[in-house]
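Okay, structure first, notes after.
The values are calculated or read from the model by the stated rules, or taken from the named source; none is laboratory data. All figures in this text were calculated on a predicted structure; none of them were measured in a lab. Here Cβ is always computed from backbone atoms with ideal geometry, including for glycine, and neighbour counts include all displayed protein chains. For the accessible areas, the whole protein counts, side chains as well, though only heavy atoms, and no ligand, DNA or RNA atoms are used. Shrake-Rupley method; radii C 1.70, N 1.55, O 1.52, S 1.80 Å.
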Amino acid sequence: MKRTQYLAREPDEKGFIHYPDSEHEVWNRLITRQLEVVQGRACQEYLDGIEQLAMPLERIPQLGEINRALEAATGWNVARVPALIPFQTFFELLASKRFPVATFIRTPEELDYLQEPDIFHEIFGHCPLLTNPWFAEFTHTYGKLGLAASKEERVYLARLYWLTIEFGLVDTQAGRRIYGGGILSSPKETLYALSDVPEHQAFDPLEAMRTPYRIDILQPLYFVLPDLRRLFELARQDIMALVQQARALGLHAPKFPPKAA
């Protein structure tokens, strides 16, 4: 596992996590800015989830607050984790309908981008759509598949996750919209993803599994769902058979330069 400068905050004996005022200020800056940016760009299911979660603007929410809303909507919970967790732990949590949330928030110096998923990315980016039954079912299925997969198979599943749950787009009656949490927690990528600069392709799970990606750049390619229900339908497909097909066909050439050493 990679090292990180961040340490997740521990709860007290009553389960309450204390954050300093400076970190509440970072949350406020992030959420007030991003709530403006996602309007007219995020899919309606995500915006509905934002309403259901009713996240505070002036402070970092406690995980129990998020859990009450998720449990009522889809039976999901969030689980407090360290800054970085192994793949095995990640899949175990998703398979038990628990979404991992690291209880630290980025520094002001990394306000626009950090490689580690912090509490803003996880809560603001991902949790709103976990109130949606289709999205929640796909995420649960993904966790169960990952738990049973080999190390080699998990690499292909990781590409599918990256190009859907993290960086997916969807066509709606109102136009093309964003549902990927990696986009929706980033002001720069929220604007960029719907621009004419990156390539947009109709979603094909086999193609997604064969598409290399880098985590430290704006994505050169986004896959577009015909509607969010497509994720629910994908959860009913034989995804592991698609993994085997992807392994046999091999990867596409990257659409980005190699990372500098």
For the chain, share of DSSP beta bridges that run antiparallel, in % to the nearest 5: 25
Among Thr190, Val243, Thr4 - extreme Cα towards positive end, dipole of the chain, charges at beta-carbon: Val243
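Find the relative contact order for region 113-261 and round it to a whole percent, using C-alpha pairs within less than 8 Å whose residues are 6+ positions apart.
28
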If Ile31, Ile215 are ordered by their accessible area, calculated over protein heavy atoms with a 1.4 Å probe, which sequence runs from highest to lowest? Ile215, Ile31
Loop-resident trypsin sites (Lys or Arg not before Pro) in region 94-125 with no more than 12 other Cβ atoms inside 10 Å, DSSP not H/G/I/E/B, are none
Quick check on my link table: of Lys151/Lys259; Lys188/Lys259; Lys188/Lys255; Lys97/Lys151; Lys97/Lys259; Lys97/Lys255, which ones sit more than 31 Å apart, alpha carbon to alpha carbon? Lys97/Lys259; Lys97/Lys255
Residues in region 202-220 reached by a label modelled at Gln245 [backbone nitrogen below 15 Å; 7 Å Cα→Cβ]: 203-211
Length gained if Phe87 through Asp238 is fully extended, taking 0.36 nm per residue and subtracting the Cα-Cα distance, is 52.2 nm
Isotropically averaged projected area of the chain, using the convex hull of Cα atoms (one quarter of hull area), nm²: 13.8
What is the chain's relative contact order, in percent, from Cα pairs under 8 angstrom and six or more apart in sequence? 19
Where a ≥ b ≥ c are root eigenvalues of the Cα gyration tensor, a/c under 1.5 meaning rounded, otherwise prolate if a/b exceeds b/c and oblate otherwise, region 3-122 counts as rounded
Of all DSSP beta bridges in region 166-248, what percent run antiparallel (nearest 5)? 40
Nearest 10 degrees, 0 to 90: helix 151-161 Cα axis against the chain principal axis: 70
Region 1-152 - percent relative contact order, Cα under 8 Å, separation 6 or more: 29
Please give me, ordered by residue number, the chymotrypsin sites (Phe, Trp or Tyr not before Pro) of region 1-88 that lie in loop per DSSP and have at most 10 other Cβ atoms within 10 Å. Phe16
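Classify region 142-261 as rounded, prolate or oblate, taking a ≥ b ≥ c as the square roots of the eigenvalues of its Cα gyration tensor: rounded when a/c is under 1.5, otherwise prolate if a/b is larger than b/c and oblate if not. The partial results should precede the final answer.
On the way: a/c = 1.83, a/b = 1.22, b/c = 1.50.
Judged from the Cα gyration tensor, region 142-261 comes out oblate (a/c at least 1.5, b/c at or above a/b).
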Computed FRET efficiency, Cβ-Cβ of Leu111 and Glu152, R0 41 Å: what is it to the nearest 0.05? 0.65
What figure in square angstrom, to the nearest 10, would you give for the accessible area of Arg59 with a 1.4 Å probe? 80
